[in-house]
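The values are calculated or read from the model by the stated rules, or taken from the named source; none is laboratory data. Remember, predicted model here, so these are calculated numbers, not experimental data. Note: ideal-geometry Cβ built from the backbone for every residue, glycine included; neighbour counts use all protein chains shown. Surface areas here come from the heavy atoms of the whole protein model, side chains and all, with no ligands, DNA or RNA. Shrake-Rupley method; radii C 1.70, N 1.55, O 1.52, S 1.80 Å.
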Amino acid sequence: MNILVINAGSSSLKYQLLNPDTGDLLAKGLCERIGIDGKFTYKPQIEGKETLSAVDVAMPTHAEAIQAVLDALVDAKNGVIGSMQEIDAVGHRVVHGGEAFNQSVVITDEVLKAIEDCIPLAPLHNPANLTGIRACQKVMPGVPMVAVFDTAFHQTMPAKAYMYALPYAYYETDKVRRYGFHGTSHKYVSGRAAAMLGKKPEELKLVSCHLGNGSSIAAVDCGKSVDTSMGFTPLAGLPMGTRSGDLDAGILQYLMNKYGMGIDEMLNVLNKKSGVEGLSGVSSDFRDLENAAAEGNQRALLAEEKFAYEVKKYVGAYAAAMGGVDAIIFTAGVGENDKGIRAMVCQGLEYMGVKLDAEANNVRGKECVISTADSKVKILLIPTNEELMIAKDTAALTQK
Ligand code: AMP
């Protein structure tokens, strides 16, 4: 079985063709500058097949982009499948499913309408995701399609975790609540954690740390998300590459009044000029921070320390929320690769049974245990694989 996984942005589209049972990747790539000029990248994972890197392909709309993907996949010389019939279904990443979706679903007209209804909650992402779905439906009529939502995994949170202490009408009328994001990743790594520990998900309390350019933490109790750090939008929670994370809302009033900024300008600062980049003045990339800190840049060190400190506070908070923790998971770009940040997060948590093995921690991007043998709380490094999770959900729903 082969599943095509699509992650559509407003002017870009990432794709992977993979086997959901074995996890084998056949090809992956990226369409960029859709609606502008069109650049196409194709990376077949079969030996002897040639890669295409940012070649010019006219892509006035997402439909031409999908067509370019299909043409490459079935190409006589460099393709990885014989014909389109070998694509059994398409799985689409959709950012926001609001309260309408607590799991992945087969896409129908009603589902499209419900995704449309969520546009006010994710005005940048959901329209692009819908464009990707419609383009696929046009180019691949009759092929089953599934929507996999970033928010769905967190729909199990109890009201005390997802409600903001605002007038209740803002929830009832305006749907203002914590939704959480990165759900596909948190679900994937918590499933892998159970497999690694030889336990059922129902037996485990996990703190899942998805630390990348965007970062979020989830408390996963008995296989269900019971709290998460991102909120109504992905701006909340931890400081990130360029996002501020949580802050005192009073700061907005103070800065907007002082500098005559409108709300859009203010949010642009919070989304694009803050986080570890804003704090360090160096970069949003943790590799640059590490190098700068090693050369004595105090603000780069402060940005790393601030980030790790906030992660540590969530670990403690979620252990308290769940009444314990069996394992802490590190995943995504920073979590998988940055041993220094992992060490900073775990340092000082020995009192609660978290003991990092310095030697085992000297590793990158490999599924492994990095705690000491006698650590009560296991520390796990688990490379995330959102595409595989999407492919598995898609296969499960379309095979039924
Ligand atoms: P993601 O959003 O999960 O793709 O993560 C991207 C981020 O991971 C980059 O911006 C870097 O900050 C971080 N990253 C990637 N590789 C490394 C590395 N070798 N060491 C430290 N951080 C890394």
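For the pair LYS273 and THR233, label points projected 7 Å from Cα toward Cβ lie 1.6 nm apart. Rounded to the nearest 0.05, the FRET efficiency derived from the C-beta distance between CYS368 and ASN102 at R0 = 35 Å is 0.65.
Heavy atoms only, probe 1.4 Å: what % of the accessible area of the chain goes to carbon and sulfur, would you let me know? Percent of accessible area from carbon and sulfur atoms in the chain: 51. The residues neighbouring VAL57, those whose beta-carbon lies less than 14 Å from its own, together hold a net charge of -4 under the Lys/Arg +1, Asp/Glu -1 convention.
Accessible area per residue for the range 261-373, computed on protein heavy atoms with a 1.4 Å probe, is 49 Å². A simple packing score, the average count of other Cβ atoms within 10 Å per residue, orders the peptides 317-325, 142-150 as 142-150, 317-325, with the highest score first. Only helical DSSP H runs with n ≥ 4 go in: add -39500 (n - 2.57) per run for the chain, normalise by residue count and round the 222 nm mean residue ellipticity to 500 deg cm²/dmol. Result for the chain: -11000 deg cm²/dmol, rounded to the nearest 500.
Just so you know, the averaged projected area of the alpha carbon convex hull for the chain sits at 21.6 nm².
When the P(r) of the range 211-279 is calculated, the portion above 13 Å amounts to 67% of the C-alpha pairs. Pairs LYS313/LYS378; LYS14/LYS49; LYS224/LYS366; LYS199/LYS378; LYS14/LYS339: which are spaced more than 22 Å apart, C-alpha to C-alpha? In this structure, LYS224/LYS366; LYS14/LYS339 exceed 22 Å between Cα atoms.
As a calculated quantity, the FRET efficiency between LEU252 and GLN347 at R0 = 45 Å, using C-beta atoms, amounts to about 0.85. Each of LYS113 and ASN213 was given a label point 7 Å from its Cα along the Cα-to-Cβ line. The distance between the two points is 3.6 nm.
Restricted to Cα atoms, the range 125-253 shows a radius of gyration and a Dmax of 17.1, 52 angstrom. Give the distance, in whole Å, between the Cα centre of the range 112-162 and the Cα centre of the range 72-97. Taking the Cα centre of each part, the range 112-162 and the range 72-97 sit 19 Å apart. Could you state, as a whole-number percent, how many of the C-alpha pairs of the range 290-337 are farther apart than 13 Å? The answer is 67 percent, as a whole percent.
Figure note: GLU305, GLU359 ranked by solvent-accessible area, largest first, 1.4 Å probe, ligands and nucleic acids not counted: GLU359, GLU305. What is the sum of charges, Lys and Arg at +1 and Asp and Glu at -1, for the other residues whose Cβ falls under 12 Å from the Cβ of ASN2? Charge balance in the 12 Å sphere: -4. The alpha carbon radius of gyration of the range 221-333, expressed as a multiple of 2.2 N^0.38 Å, is 1.21.
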